[in-house]
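Asks: Handing you this structure, nothing more for now.
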Amino acid sequence: MNIKNKMDPFKPHDTLPLSELSRGIRAILQTPARSTRPELLRLMEMGLVEGNEVKVLRHGIWGGPIHIRICGTNLCLRREEAQWFWVQPVSS
Amino acid sequence: MANDYPGNRILLVGNPNAGKTLLFNRLTGLKAKVANYPGVTVECRKGVLQLPRGPVEVVDLPGTYSLHALSEDEEITLRGVRGELGAGPSHTLLIVVVDATQLERNLYLLTQLLELKRPLIVALSMMDMARKKRILVDADLLSQRLKVPVVPVSALNQEGIDELKLSIERHFLSAAPADATSETKIHLSKPSPEEVARTYKQIRLWLDGAYHRPRRLQPPFKADDIVLHPVLGPILLLLVFGLMFESLFAWSKPVIETLEDTVGLLGNGLREVLPAHSLLSSLLVDGIIAGVGSVIAFVPLIAILFFFIGILEDSGYLARATFLLDRLMSKVGLSGRAFVPLLSGFACAVPAIMATRVIESRKDRLVTILVTPLMSCSARLPVYGLLIATAFSTFPPLLGFIEVGALVMLAMYGIGIAAAFMMAAFFKRFVFKGPIPGLILELPPYRMPRWSSLTQSVLLRVRVFLREAGTVILALTIVLWALFTFPRAEEPDAQLRGSYAGQLGHLLEPALEPLGFDWKIGVGLVASFAAREVMVSTLGVAYGLGQAGEEESASLRSAIQKDINPKTGKPVYTPLVALSLMVFFSLAMQCMSTLAATRKETKSWKWPALQFSYMTLLAWLSSFAVFQIGSRLGF
């Protein structure tokens with residue numbers, strides 16, 4: 001995924017997938033990756049859309065789900081699904 | 001009662017945890033009916049709102065985040081708002097419950113519902129919470145922008161309920177009469193990411209100036225820092241579930257014993273009154289009263305379990321537990337929520353199977369229902385106890401202090417757990433194929449459970465159990481009674497041998513021989529279909545001891561130990577036979593109550609049939625393997 005990032009001239013260089021965002025860093029969501037999985041639509045509907053702010057609160061142990069803060073709510077999703085979402089960290 | 005309505009109806013829609021059910025209770029009083037939606041296993045709550053000019057039916061639809069349904073629950077909500085549920089023309093008003101503390105995300109569903117162009121009122125709930133968090137909402141401004149009434153409510157302290165009722169009344173008075181063609185044909189096409197983003201931009205425009213969340217000062221310590229902590233979290237989880245499990249066992253015991261004593265007294269009383277040893281007396285006492293007694297004995301277990309689950313759900317802890325367990329459960333393809341039913345299966349599979357309702361995905365629910373009976377339930381304990389005491393008590397302790405019997409007991413539990421996980425993985429992989437559903441889990445804010453609402457739903461659930469599973473169990477009890485009573489004989493053990501059940505035992509003997517069993521064990525297996533612990537008393541009768549009640553009965557144990565197999569000349573209950581029998585017991589489906597519960601939860605006989613078949617096969621093969629390999633090895 002990172003290789004794809006570097007080759008894409010439209011993505012600023014410090015964009016990264018949500019699954020790799022460090023704990024406690026605020027970030028703005030960019031356009032998500034394409035997928036036919038129904039979970040992608042649902043996650044977008046829960047607020048993971050371009051322009052919204054997201055923050056990682058914790059990572060589950062042993063590859064468990066990621067706990068994030070989005071649209072004023074607490075949401076957990078698996079790493080596999082978090083990889084769809086590109087984010088741009090906010091310099092605070 | 002549904003026929004009295006002039007077709008006026010309210011549908012409650014909203015996000016999960018938005019306070020829908022609480023609002024439902026406030027509107028209808030604590031008198032809801034729980035039933036199933038036709039054709040599906042999703043539950044439906046219906047109640048009546050008494051307005052000055054007449055009653056209105058209120059239906060609580062399952063919570064959903066979006067009309068693009070991902071589960072059976074959400075399908076129901078979609079169909080509900082489309083007007084596809086319920087018979088006859090109806091004038092439907094949608095009340096959309098929107099959580100004032102999470103307004104942004106909650107409004108997404110509202111935008112979808114607004115597109116339906118159906119009559120709609122917004123109930124802005126959790127206002128008390130919002131005030132505590134110093135969140136400001138301008139309901140009038142929102143109402144102007146959304147072009148629908150917006151009523152702030154706080155179901156907790158009754159605030160706003162009267163205004164809401166007024167708003168509802170105003171609507172029904174001014175609206176056109178029920179129209180059969182008012183079903184909305186809406187096409188929900190999947191939006192693109194850009195469209196969803198645009199919707200959220202629209203939501204932000206609506207909220208601009210009408211909604212203000214103060215920038216939160218992060219408190220130094222939050223509950224989730226402990227609850228979801230990598231080390232403390234699992235420890236707390238063990239404690240919570242341990243407590244639940246312990247109370248299932250400990251608290252239900254005295255209640256069940258009292259119930260059984262009462263049933264016994266009633267039975268004896270009847271026996272005095274009726275002609276002695278008559279068929280009628282036997283039918284009433286050993287058949288019907290025993291059957292009713294066994295059904296009622298499940299009530300404490302169900303009540304306690306659902307009370308606990310209710311607390312876990314309401315408080316918000318269940319979501320945290322799901323977070324902690326997700327990794328482990330998803331390895332076998334199960335939902336994290338399968339943990340509660342599986343754990344409860346150690347006490348009794350009947351309430352455990354009912355508890356699978358917390359699992360959203362239908363396939364996951366089915367798989368969990370199918371494998372839960374493999375978790376060694378408490379009814380197997382008397383049998384394990386008897387067999388271990390019979391066959392393993394003379395073994396010297398390992399390493400000087402470890403009792404062999406305890407190890408065997410532990411092994412039986414381990415076999416059950418291993419089999420459950422193995423079969424779950426098997427079913428998910430080969431039978432219920434499909435991609436592993438992703439996890440999208442909201443962690444709701446911690447809340448105090450609402451005790452009255454909780455008690456009401458527990459009582460409702462017990463009532464549904466009695467109505468649906470209880471009747472099946474009672475019917476099967478009578479069938480079993482007949483098998484053991486006819487044809488009649490004088491002595492109890494001749495009776496056992498000659499009855500249809502005894503004949504069945506003999507008939508099964510060829511199939512049971514490779515497992516090391518004889519016909520008496522066969523009869524015991526047939527009898528334990530009523531309840532596993534019946535195996536012990538049946539064996540007592542088979543060995544001519546009359547109605548042996550106590551599993552610790554020394555006379556039964558010595559009778560068993562002395563029994564010699566006429567064909568082999570060796571004792572019937574060698575350690576190997578005992579082991580083989582215990583393995584069979586741990587894996588076999590020998591509980592008609594479990595089958596009744598499965599039927600009730602899945603609304604079909606297909607799944608209990610599958611349960612029975614695969615478990616019997618698994619038990620037979622495992623027992624066969626144990627006995628045959630053990631024999632070859634010289635045990």
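The values are calculated or read from the model by the stated rules, or taken from the named source; none is laboratory data. Since this is a predicted model, take the numbers as computed values, not measurements. Ideal geometry is used to build each Cβ from the backbone, glycine not excepted, and the neighbour counts take in all protein chains shown. We work out accessible area using only protein heavy atoms, side chains counted, and drop any ligands, DNA or RNA first. Shrake-Rupley method; radii C 1.70, N 1.55, O 1.52, S 1.80 Å.
Asks: So what's the convex hull volume per residue for the Cα atoms of the range A:53-92, in Å³?
Replies: Spelled out: Cα convex hull of the range A:53-92, divided by residues, is 78 Å³.
Asks: Looking at the range B:302-327, which residues lose a minimum of 20 Å² of accessible area between their chain alone and all protein chains in place, measuring with a 1.4 Å probe and not counting ligands or nucleic acids?
Replies: B:Phe323, B:Asp326, B:Arg327
Asks: Ignoring ligands, DNA and RNA, how much accessible area is buried between chains A and B, both sides summed, with a 1.4 Å probe, to the nearest 100 Å²?
Replies: 3300 Å²
Asks: Also: Over the protein assembly as shown, with every protein chain in place, what whole percent of the accessible area is carbon and sulfur at 1.4 Å, could you tell me?
Replies: That fraction is 62 percent.
Asks: Can you list, bin by bin at 5 Å, the percent of alpha carbon pairs in the range B:239-296, starting at 0?
Replies: Cα pair-distance distribution for the range B:239-296, in percent: 4, 18, 21, 15, 11, 9, 7, 6, 4, 2, 1.
Asks: Here's a follow-up. Partner chain Cβ atoms within 10 Å, averaged over the residues of B:513-525 - can you pull that number for me?
Replies: 0
Asks: Right, here's the next one. If you count only protein heavy atoms with a 1.4 Å probe, what accessible area per residue comes out for the range A:6-92, rounded to a whole Å²?
Replies: 44 Å²
Asks: So how long is each side of the range B:374-521 along the principal axes, counting just the alpha-carbon atoms, biggest first, in Å?
Replies: On the principal axes, the range B:374-521 reaches 65, 50, 37 Å in Cα extent.
Asks: Could you give log10 I(q)/I(0) at q = 0.06, 0.10 Å⁻¹ for the protein assembly as shown, computed by the Debye formula over C-alpha point scatterers of equal weight, without solvent?
Replies: -0.44, -1.04
Asks: Exposed loop trypsin sites (Lys or Arg not before Pro) only (DSSP loop, at most 14 other Cβ atoms within 10 Å): please give the longest stretch of chain A free of them, not including the sites.
Replies: The longest uninterrupted stretch comes out as A:35-92.
Asks: Among the listed pairs B:Lys433/B:Lys600; B:Lys132/B:Lys190; B:Lys46/B:Lys363; B:Lys147/B:Lys201, give every one whose C-alpha distance is greater than 29 Å.
Replies: Correct reply: B:Lys132/B:Lys190.
Asks: Got the relative contact order for the range B:372-507 handy, in percent, Cα pairs under 8 Å and 6 or more residues apart?
Replies: 14 percent
Asks: In the range B:441-480, which residues become less accessible by 30 Å² or more once every protein chain is in place, relative to the chain on its own, using a 1.4 Å probe?
Replies: With the partner chains in place, the range B:441-480 has these residues losing at least 30 Å²: B:Leu441, B:Leu443.
Asks: Could you tell me the extents of chain A's C-alpha atoms along the three principal axes, largest first, rounded to whole Å?
Replies: Rounded to whole Å, the extents work out to 34, 33, 27 Å.
Asks: Give the accessible surface of chain B per residue, rounded to a whole number of Å², with probe radius 1.4 Å and ligands, DNA and RNA excluded.
Replies: Using a 1.4 Å probe on heavy atoms only, each residue of chain B averages 45 Å².
Asks: Taking accessible area as the heavy-atom solvent-accessible surface of the protein chains with a 1.4 Å probe, which residues of the range A:70-91 lose no less than 30 Å² upon going from the isolated chain to the full protein assembly?
Replies: A:Cys71, A:Gly72, A:Thr73, A:Asn74, A:Cys76, A:Arg78
Asks: Now, a different point. Enumerate the amide H contacts of B:Glu442 below 5 Å, restricted to partners 5 or more residues apart or on another chain; note that Pro and chain-start residues carry no placed amide H.
Replies: A:Cys76
Asks: What ³J(HN,Hα) values, in whole Hz, does the Karplus curve 6.51 cos²θ - 1.76 cosθ + 1.60 give for the range B:367-375 when θ = phi - 60°, with x put for Gly and Pro?
Replies: 4, 5, 4, 5, 9, 4, x, 6, 6
Asks: Residue by residue, what Karplus-based ³J(HN,Hα) values in Hz, rounded to whole numbers, does the range B:322-333 have, using 6.51, -1.76 and 1.60 with θ = phi - 60° and x for Gly and Pro?
Replies: Running phi through 6.51 cos²θ - 1.76 cosθ + 1.60 with θ = phi - 60° gives 4, 4, 5, 9, 4, 4, 5, 6, 5, 5, 9, x Hz.
Asks: Quick one: check the C-alpha center-to-center distance for the range A:13-52 versus the range B:255-271, whole angstrom.
Replies: 62 Å
Asks: Let me check against my output: what whole-number percent is the relative contact order of chain B, with C-alpha pairs under 8 Å and at least 6 apart?
Replies: It comes to 11 percent, rounded to a whole number.
Asks: Give me, ordered by chain and number, the residues 5 or more places off A:Glu50 or on other chains with an amide H under 5 Å from its own placed amide H.
Replies: Under 5 Å from the amide H of A:Glu50: no residue qualifies.
Asks: Show the residues, 5+ positions off or on another chain, whose built amide H is closer than 5 Å to the amide H of B:Cys348.
Replies: Placed amide hydrogens put B:Ser378 under 5 Å from B:Cys348.
Asks: Give a quick list of chymotrypsin sites (Phe, Trp or Tyr not before Pro) in the range B:214-261 that DSSP marks as loop, anything other than H, G, I, E or B, with at most 16 other Cβ atoms within 10 Å.
Replies: B:Phe221
Asks: By how many degrees, between 0 and 90 and to the nearest 10, does the Cα long axis of helix B:103-114 differ from the longest principal axis of chain B?
Replies: Tilt of helix B:103-114: around 80 degrees.
Asks: Whole percent per 10 Å bin, from 0 to the bin with the longest distance: what is P(r) over all C-alpha pairs of chain B?
Replies: Calculated P(r), rounded to whole percents: 3, 14, 22, 22, 16, 11, 8, 4, 1, 0.
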